[in-house]
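Q: Starting off with a structure, shown below.
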């Protein structure tokens, strides 16, 4: 698939078939994420693949509660990918302090999107979640309190293959050349 077609096809999926995802496909997605660029080649990520049904359900239940229920669909996804940020090296910490930017979060976002684009290429659907009970996820997965769980990605075969139209601002509202335009 040509790259722009892949980007147009990738969408957040919130309804999944009750069909297991082959580990080979997950490994391909992880390889795409592993190859993502990062500041100073720091590779500040670690991935936990959750495909055991009971554990997956327990982790999925940490993405919503009685009040905030919009991530309830995560129960349907056969696989969850947990993205953990790893500590930056000394050089990156200095650069982040000087520039007041957390480069590791940018890097994790790039890796997550590489994962999702490869999943799309494999015929899988994904949705990146930032809203979840981090302490609860850490406890379930024995993740050190010093680590951060940054994202959870739901993965599975989409219930529908219909690609929804993307609602995006027109190019002339987001692009300017040579200076900022309000």
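The values are calculated or read from the model by the stated rules, or taken from the named source; none is laboratory data. Quantities reported herein were computed from a predicted structural model and do not represent experimental measurements. For neighbour counting, all protein chains shown are included, and Cβ atoms are generated from backbone atoms with ideal geometry for every residue, glycine included.
Q: Give me the pairs: first residue in the stretch 130-158 and more than 22 Å from residue 29 (Cα to Cα), second residue at pLDDT below 95 and in a strand (DSSP E or B), beta-carbon distance under 6 Å, and six or more apart or on different chains, which are they?
A: none
Q: Residue 130 - would you say it is touching a helix residue (DSSP H, G or I) at 6+ places or on another chain (Cβ under 9 Å), modelled with pLDDT of 95 or more and over 23 Å from residue 41 (Cα atoms)? Walk me through it before giving the result.
A: Working: touching a helix residue (DSSP H, G or I) at 6+ places or on another chain (Cβ under 9 Å): no; modelled with pLDDT of 95 or more: yes; over 23 Å from residue 41 (Cα atoms): yes.
Criteria not met by residue 130.
Q: Of everything in the stretch 8-26 that's over 15 Å from the mean Cα position of the chain (by Cα) and assigned to a helix (DSSP H, G or I), which residue is nearest to residue 48 (Cα to Cα)? Write out each step before concluding.
A: To start, the set of residues in the stretch 8-26 that are over 15 Å from the mean Cα position of the chain (by Cα) comprises 8-9, 15-25.
Remaining after also requiring assigned to a helix (DSSP H, G or I): 8-9, 23-25.
Numbers: 8: 27, 9: 26, 23: 13, 24: 15, 25: 15 Å.
Among residues in the stretch 8-26 that are over 15 Å from the mean Cα position of the chain (by Cα) and assigned to a helix (DSSP H, G or I), the one nearest to residue 48 (Cα to Cα) is 23.
Residue by residue, here is whether (1) in contact (Cβ under 8 Å) with a residue 60 or more places away in the chain; (2) surrounded by fewer than 19 Cβ atoms within 10 Å (Cβ to Cβ); (3) out of contact with any strand residue (DSSP E or B) (no Cβ under 8 Å at 6 or more places or on another chain); (4) not in a loop (DSSP other than H, G, I, E, B) holds:
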| position | (1), (2), (3), (4) |
| --- | --- |
| 61 | no, yes, yes, yes |
| 77 | yes, no, no, no |
| 82 | yes, no, no, yes |
| 105 | no, yes, no, yes |
| 112 | yes, no, no, yes |
| 116 | yes, no, no, yes |
| 127 | yes, no, no, yes |
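Q: Further question: Residue 72 passes all but one of (1) surrounded by 14 or more Cβ atoms within 10 Å (Cβ to Cβ); (2) touching a helix residue (DSSP H, G or I) at 6+ places or on another chain (Cβ under 7 Å); (3) over 30 Å from residue 103 (Cα atoms); which number fails?
A: For residue 72, the exception is condition (2).
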